[in-house]
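Below you'll find the structure, written out as structure tokens, and then a few comments.
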Amino acid sequence: MSLKDDDKFRNNGVDTSYEHLLDSEKLMDESRMQKGEAVVEIKDERQNELLYKVSDHPPIYLTIFCGLQHTLISLSANMAISLLVADVTCATHMEDIKTTLLSSTLLMSGVCTLLMSLVGSRLPLFQGAAGDFLIPLLAMQVLDKTRCSFNDDFDSESNSTIVNTTITANHREYILSNIQDLQGSLVAAGTCQFLIGATGLVSFLLKFIGPITIVPTLFLSCVFIVRACVKFASVHWGVALLVTAVSLILSLYLSHRKTPIPMWTRKKGFHILWFPLHQVYSILIGILVGWFVCGVMTAVGAFDPDDKLARTDTGLEAVRKSAWFRVPYPGQFGPLSFSTSVFAGFMIGTIVSILDSIGDYYACAKMSNVPPPPTHSVNRGILIEGLCSIIAGFLGCGHATTTFGGNIGAIGVTKVASRDVFITVGFIYIVFGLIGKISAIFLTIPYPVLGGALIVMFGMFNGVVLSNLQVVSLSSSRNLAIIGTSILFGLMIPYWLETNPDAIQTGSPSADSVIRMLMVNPNLCGGITACFLDNTVRGSLKERGIEAWQRMIGEKAEDGEEFDDDITIYDIPLPKILKESKLFRRLPFIPSQ
């Protein structure tokens, strides 16, 4: 999520040796975790120093170490979203399809991170699975509660290992058809995002879409997200709440503490490095604790034989059968198909993702102490995210990619803002995506463990969403009425349609299906209501919060402000003939000079 209010980090001739990095505990600030993301608060000027700036090239061992850290921070969210896609497409017990989906997600995260660092915004940013695109998928389950009913056949089996061959060919075709619908819709939505970046329409969108539209739209996600959290956590509430408790204790209750890490160097010998390790990895530590507890309970027979999704030995057969190397490829789930209703939901996720990514670009620039990104860099970043969504659609990931704010906060903790680190992260994720055994091992994580992680991640997500109201006048009865009414419409219409599924009768079954899918989406109902009222009811741009967002897009460096790099870090390498072409330089995503 966006970290718009982070202070600026500076690097004024810092010693960038490895020994200085080990002394960096004196520079580290106390941090807290929001949505599993580190947010650093600045206390004095010394703590603003970066060890490595964006254009620096740290030693290879330090680059790999920091790359692994950023990989671990983002891994749990990627796994959770991929499993949610498997769940809504009825592939809960299809271990081979789940493995393929996760491998595709990991590969896409790596490719998109490389493209963003080298060609896109050129900032040190991680691109991962976008949760904004899950809502239309979850809405499918609401419209047809028997949609995945054949999965119940597996819950009644006595075997602790689920064998994919027990699933009939008809079930497999049905699951693949669900994934194909997501593919075509995601390619179409990604194309729209690509065109928005290529034509520079971002500034135009901000004239009509502001915080009063975005907050209800995102907040209404909890209508279906809570169902997903319950479905995962209810497999074993004890384990799920344990994971939640561990994560919250480490990230909130111990936020003022640092972890003592024994270290040895030639310069200082044996000493203790104080580092907020438990905060940076709070969700990951919670997952490991829950995974270990489930392993012990499985070994001592504490789980019933029917609790397959809570056991740690359920996916071992899939690990043995999975290939060591497998390259995800376009069309691996079959030909693309298109669903109008899914596309409408994906378009809402696209708009929200664009606005969120813009905030992340500026937050990353501040954290890295570089000039605010120029318009061509922002447009190019949105263009690359759209391109990556198109590729993800062809691969069948079932979700788009977006910027992860948690990795921005981690830059403040490590004091390393080098692009080389994120290029390394990209390669690590590509390796994870190509080695099938790795994805299969990740899928052995029990469902209640992931349920506990989802509670923390999406709980913090709701809090971050509400924080966008800080630029809106909450003393205005106009704003309060619009926000309250749009949230009510977003809750009311889907509930009415869920309890009266046959209420829509136009005479055309296909039209009825599309209308029901659109109306059962709380984001769509609440978002359209909020956007319409916000743009038709009289109110100033400042009152609506749009002025603050537009000012962010046109943000310039303050007079006398010092940066570690100049504005040229946003330029992309181009052939001389293109640099001299006046026509080419007129493109919104190309530097004008």
Among the residues of region 111-130, how many are part of a helix (DSSP H, G or I) and crowded, with 24+ Cβ neighbours inside 10 Å? 4
Answer yes or no: is there a residue in region 266-289 that is within 21 Å of Leu102 (Cβ to Cβ) and part of a loop (DSSP other than H, G, I, E, B). yes
Just checking, does region 384-391 include any residue being more than 13 Å from Leu123 (Cβ to Cβ) and at pLDDT below 85? no
Take the residues in region 483-496 that are in contact (Cβ under 8 Å) with a residue 24 or more places away in the chain and either of a type in the set (Gly, Ala, Ser) or touching a Lys or Arg at 6+ places or on another chain (Cβ under 9 Å) (or both), then tell me which one is nearest to Met517 (Cα to Cα). Gly490
Find all pairs meeting these conditions: Cβ atoms under 6 angstrom apart; at least six residues apart or on different chains; first residue within region 333-359 and in contact (Cβ under 8 Å) with a residue 40 or more places away in the chain; second residue assigned to a loop (DSSP other than H, G, I, E, B) and open to solvent by 20 Å² or more (accessible area, probe 1.4 Å). Gly359/Lys4
Which numbered condition trips up Leu288, out of (1) under 24 Å from the mean Cα position of the chain (by Cα); (2) surrounded by 17 or more Cβ atoms within 10 Å (Cβ to Cβ)? (2)
Under 6 Å by Cβ, and 6 or more places apart or on different chains, what pairs join a residue from region 310-321 that is open to solvent by less than 20 Å² (accessible area, probe 1.4 Å) with one that is part of a loop (DSSP other than H, G, I, E, B) and β-branched (Val, Ile, Thr)? Ala310/Val235; Gly315/Thr444
Subset tally (residues that are in contact with a Ser or Thr (Cβ under 7 Å, 6 or more places away or on another chain) and open to solvent by less than 10 Å² (accessible area, probe 1.4 Å)) for region 187-231: 4
Scope region 528-546; condition open to solvent by less than 70 Å² (accessible area, probe 1.4 Å) and part of a loop (DSSP other than H, G, I, E, B); matching residues: Val537, Gly539, Ser540, Gly545
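Yes/no per residue for (1) closer than 17 Å to Gly131 by Cα; (2) open to solvent by 10 Å² or more (accessible area, probe 1.4 Å); (3) out of contact with any Asp or Glu (no Cβ under 6 Å at 6 or more places or on another chain):
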{"site": "Pro372", "(1), (2), (3)": "no, yes, no"}
{"site": "His376", "(1), (2), (3)": "no, yes, yes"}
{"site": "Gly386", "(1), (2), (3)": "yes, no, yes"}
{"site": "Gly406", "(1), (2), (3)": "yes, no, no"}
{"site": "Ala417", "(1), (2), (3)": "no, no, yes"}
{"site": "Thr424", "(1), (2), (3)": "no, yes, yes"}
{"site": "Ile428", "(1), (2), (3)": "no, yes, yes"}
{"site": "Phe432", "(1), (2), (3)": "no, yes, yes"}
{"site": "Met457", "(1), (2), (3)": "yes, yes, yes"}
Note on Ile81: of the conditions (1) at pLDDT 85 or above; (2) open to solvent by less than 10 Å² (accessible area, probe 1.4 Å); (3) closer than 30 Å to Gln470 by Cβ, unmet is (2)
Against the condition touching a residue at least 24 places away in the same chain (Cβ under 8 Å) and over 25 Å from Pro58 (Cβ atoms), how does Gly426 come out, does it pass? no
Candidate set from region 43-68 (those that are part of a helix (DSSP H, G or I), surrounded by 19 or more Cβ atoms within 10 Å (Cβ to Cβ) and modelled with pLDDT of 85 or more); member that is nearest to the chain's Cα centre (by Cα): Gly67
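Per-residue answers, yes or no, for (1) acidic (Asp, Glu); (2) open to solvent by 20 Å² or more (accessible area, probe 1.4 Å); (3) assigned to a helix (DSSP H, G or I):
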residue	(1), (2), (3)
Ala323	no, yes, no
Val327	no, yes, no
Ala344	no, yes, yes
Thr350	no, no, yes
Ile358	no, no, yes
Lys366	no, yes, yes
Ile382	no, no, yes
Condition check for Phe442: within 23 Å of Cys294 (Cα to Cα) and open to solvent by less than 40 Å² (accessible area, probe 1.4 Å): yes
Looking only at region 566-584, which residues are under 35 Å from the mean Cα position of the chain (by Cα), outside any helix (DSSP H, G or I) and either surrounded by 14 or more Cβ atoms within 10 Å (Cβ to Cβ) or among the aromatic types (Phe, Trp, Tyr) (or both)? Asp571, Ile572, Leu574
For region 238-251, check the following and say yes or no: at least one residue is assigned to a helix (DSSP H, G or I), within 21 Å of the chain's Cα centre (by Cα) and of a type in the set (Val, Ile, Thr). yes
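The values are calculated or read from the model by the stated rules, or taken from the named source; none is laboratory data. Treat the numbers as computed from the prediction; the structure is a model and nothing was measured. Positions of Cβ are backbone-derived with ideal geometry, glycine not excepted, and every protein chain shown enters the neighbour counts. Surface accessibility is based on the protein's heavy atoms, side chains included, excluding ligands, DNA and RNA. Shrake-Rupley method; radii C 1.70, N 1.55, O 1.52, S 1.80 Å.
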